[in-house]
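Let me begin by presenting the structure, written as C-alpha cells, before commenting on it.
None of the figures in this text is laboratory data; all of them are computed from the coordinates on show. Remember, predicted model here, so these are calculated numbers, not experimental data. Glycine also receives a Cβ, built like all others from the backbone with ideal geometry; neighbour counts cover every protein chain displayed.
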C-alpha cells in the first residue's frame with residue numbers, strides 16, 4: 001500500500017540484461033516511450049521482448065538490445081512495417097517468434113492466470129505451426145475431441161506500460177478508447193513499471209470513472225513514473241495524437257544519426273532536441 005513513485009531511470013535500474021520484458025501499447029499507440037528511452041540509455045541488453053511492436057521494438061532492435069522477439073506484428077501504423085526493426089531482422093540481428101494476435105492475447109492471459117498454456121483455435125489451419133515448430137497441439141478430453149493450438153504462457157520478468165492517469169499506489173486509469181493488453185502485461189509479469197501522463201490522488205483517479213477505465217490494479221504494479229508526454233511520438237488518446245511528422249523523421253533517419261541527436265543523457269534532453277527539430281520544421 002506504500003508510495004510506489006519513482007523516476008524512469010530508477011525503474012530501469014531494477015531491470016537486468018537477459019530478462020524477458022513485456023512492453024505495452026499497440027504499434028505506434030500509447031507506447032511507454034519515456035521508459036524505453038531510459039532503457040536505451042542503460043547498458044541493458046540480451047532481452048527477450050514481448051510486444052505488439054512499434055517504435056519500442058524498432059529502437060531496441062536498432063540498438064542491438066533484443067536477442068529474441070515475440071510479437072504479432074511490428075508497425076508504425078501509418079508506416080506499415082517498422083523500418084528499423086526490418087533492418088535488424090533482415091540483418092539477422094534477432095530471433096523471432098511470430099504468432100497470431102489471438103494467440104498473443106491467450107499467451108498473456110495464460111501467464112496472468114499462472115497457467116502453462118491455453119488452448120486456442122487461433123492458428124489452427126495456418127502456417128503458424130510451420131514457422132513455430134516448437135508449438136504443440138492438444139486434444140479436447142470431451143466428446144468433441146477437437147484439436148487446438150496449445151499457446152504457451154508468455155511469462156514476463158518485467159513489464160513497461162503507459163496510461164493516462166495513475167495514483168501513487170499503482171492504480172492506473174485509461175482515458176482512451178482501447179486498453180490494448182496493458183493490464184495483462186502487468187498481470188503476466190513479476191514486476192510492472194507504469195508511466196503516466198499525470199499522477200493524481202486516488203479520489204480523483206476514481207471519480208466518475210467507468211469501471212472498465214480503471215485498468216491497472218495496484219497489486220500488479222511495482223512502480224509508477226510520472227511522465228508527461230511519455231508516449232511521444234506515439235499517440236496517447238485523448239491526450240494527444242501521434243506526432244506523424246516526427247515519426248516520419250524517425251523512420252527515414254539512419255539509426256546512429258537519430259540516436260545521436262535525440263537520445264541524450266536524460267528525458268529533458270530528448271524534449272529539447274525534439275523542440276529544436278520542430279522549430280527547424282517551422283512548427
(request) Could you list the residues of the stretch 97-119 with an amide nitrogen less than 12 Å from a label point located 7 Å from the Cα of residue 144 in the Cα-to-C-beta direction? (result) 119
(request) Under a 10 Å cutoff between Cα atoms, tell me which one of 131, 149, 99 has the largest fluctuation in the Gaussian network model of the chain. (result) 131
(request) Give the calculated FRET efficiency between residue 281 and residue 157 to the nearest 0.05, with a Förster radius of 41 Å applied to their Cβ-Cβ distance. (result) 0.55
(request) Rank by packing, highest mean first: peptides 133-146, 150-163, with packing defined as the count of other Cβ atoms within 10 Å averaged across residues. (result) 150-163, 133-146
(request) Distance between Cα centroids, the stretch 69-87 to the stretch 145-217: provide it in whole Å. (result) 23
(message) Need one word for the stretch 81-214: rounded, prolate or oblate. Basis is the Cα gyration tensor (sqrt eigenvalues a ≥ b ≥ c); a/c below 1.5 gives rounded, then a/b vs b/c decides.
(response) oblate
(request) Go ahead and set up a Gaussian network model of the chain, Cα springs under 10 Å, then flag whichever of 260, 187, 16 fluctuates most. (result) 260
(message) With the crude spin-label approximation of a point 7 Å out along Cα→Cβ, what separation in nm comes out for residue 204 versus residue 113?
(response) 3.8
(message) Just to be sure I understand the model, the point goes 7 Å from the Cα along the line to the Cβ. What's the resulting residue 86 to residue 3 distance in nm?
(response) 4.7
(message) Using Cα springs under 10 Å in a Gaussian network model of the chain, which residue among 106, 235, 213 shows the largest mean-square fluctuation?
(response) 213
(request) Would you mind classifying the chain by shape? Square roots of the alpha carbon gyration tensor eigenvalues, ordered a ≥ b ≥ c; an a/c under 1.5 is rounded, otherwise it is prolate if a/b is larger than b/c and oblate if not. (result) oblate
(request) Give, in nm to one decimal, the length gained when the segment between residue 259 and residue 272 is fully stretched (0.36 nm per residue of separation minus the Cα-Cα distance). (result) 3.3 nm
